[in-house]
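This report refers to the structure that appears directly beneath it.
The values are calculated or read from the model by the stated rules, or taken from the named source; none is laboratory data. In this text the structure is predicted, and so the values were computed from the model without any measurement. All Cβ positions, even for glycine, are placed from backbone atoms using ideal geometry, and neighbour counts span all protein chains on display.
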Amino acid sequence: MQKRKNKNKKMGQYLIIGSFLFLIGLGVIGTKLYINYFIHIKEENAIEEFFEIKNEDTQDVIVDEPVDEQVESKKESSYNYIAILEIPRIKLKRGLVAINDKNNNVNRNIEIIKGSDMPDIENGNFVLASHSGYSNISYFRNLNKMQLNDFVHVYYNGEKFNYKITNIYDVEKTGQVSISKKNNTNTLTLITCRHNTNKQIVIIAELTSKEVY
């Protein structure tokens, strides 16, 4: 009888411990989901602000009377985007910050590689890099799904630059990337690691058209 009581007591303790660990797990998962949702909302707000600012800049402003300074300030995000990258195939739409911005870092955002040219530079090469994998900053996690002739768009300086992918290849991960670019072409280059390998994916896209957005 005593052995049975001890056994039941231990089972009760195990159930309490198991329930406690289960609740901790739920809390961790819930917190992660909340953080991811918050980051997603902040990103959407930042992209919305990017296009709102552009629209405001294109409107004529006529001042008929003094403006009340006590107006509600527009919500601001922690990112000051200068461009937006859009890749329809992998449903990616992400803002880009200036090269000298502290957030222009592969561990914070999609990085504009120093030394690359902005999209409006004739015969230039706009080079972007980001992580693959499963973390919150792995914006190029699905870049391996891209195919030849897919389109990529960059919104910058009042214009939408439309690129078509012309080359996809792998290189060894050595800290340097060899980029195969045709002369006299405006190109966009996307770079990320091929997950769980010592390779990097390099995607070359050539400008096909541009339009005012």
Scope segment 129-170; condition modelled with pLDDT of 95 or more, of a type in the set (A, V, I, L, M) and either closer than 15 Å to K199 by Cβ or surrounded by 14 or more Cβ atoms within 10 Å (Cβ to Cβ) (or both); matching residues: A129, L143, M146, V152, V154, I165, I168
If you go through segment 129-156, how many residues are on the phi < 0 side of the Ramachandran plot, among the polar types (S, T, N, Q) and without any contact (Cβ under 8 Å) to a residue 40 or more places away in the chain? 2
